Amino acid sequence: SSGINAEYGDVVGELRKAFHLPDNDTTLLFRCLMSMTTHDVLLEKMEAAKKPTQSGKPRRDRFEATLIGSLILQAIFSYGKIDQLEEGVCGLSEDHIVYLCTNVQSSHAIQAFLSSLTVPSSAKHRFIKSAAFVMDKLAVTAPGSHIVEAAWIAADTELKATIAQVLVDKEQAVRGCKHGAIVWRNCHLKEFRTGGVQAVEDSERRKKRKMEQFLDL
């Protein structure tokens, strides 16, 4: 409704002011909220994170997430009005996606984004395309496994085929842990391995019919 839209606009506008985001910024609001860091400070941290460590490995502190930031984002995603957040969510690097989706705090925000009934499918699909090739890394963790299942439900046929192939290619690692084994079952990957995405969709339809028959009893 127009009332809710106006309220949402007021909230996001105030958040942009609070975190000192310039009017032309369309990418960093998500990161500012997640880390509860102002725009200028975030830019300084991002620049510092580019400097190599003595070991030459990526800096562990190059990404940040907070519980409060995650809760704010979950509330915003429930409205589905993500025009000022979509670029920030869908433009994440694979490393950043793995960090956020396997972090106990931030993963709930990503799951809320994928599970929201009001976030457009087009936005969800953009994120899933960015995350598809790290799904095997997510599936073997408790928080990440929920992200994989939420992405699976939100995905179209083409994206499901991509996710399934990534997971099947890492079958031993995925099935070798309890979280991955649950993903393997719930995403019907046994069926995919033998009959492709069509077999998966057939299995999902049978499961849905059985559930409907059970509820009718």
Extension gain from Thr38 to Phe133, taking 0.36 nm per residue of separation minus the Cα-Cα distance: 31.1 nm
Accessible area expressed per residue, the range 51-196, with surrounding protein chains retained (probe 1.4 Å, Å²): 50
Length gained when the stretch Ala75-Val168 is fully extended (0.36 nm per residue, less Cα-Cα span): 30.1 nm
Amide H partners (placed H, <5 Å) of Ala65, local residues excluded: none
Positive-end extreme of charge dipole, the range 89-165 - chosen from Cys101, Ser115, Trp152 (charges on Cβ): Ser115
Dimensionless Rg ratio for the range 28-145, taking C-alpha atoms and the 2.2 N^0.38 Å reference: 1.05
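The values are calculated or read from the model by the stated rules, or taken from the named source; none is laboratory data. Not measured: the values here are computed from a predicted model. When we count neighbours, we look across all protein chains shown, and the Cβ atoms used for this are built from the backbone with ideal geometry, even at glycine. Only protein heavy atoms, including side chains, enter the accessible area calculation; ligands, DNA and RNA are left aside. Shrake-Rupley method; radii C 1.70, N 1.55, O 1.52, S 1.80 Å.
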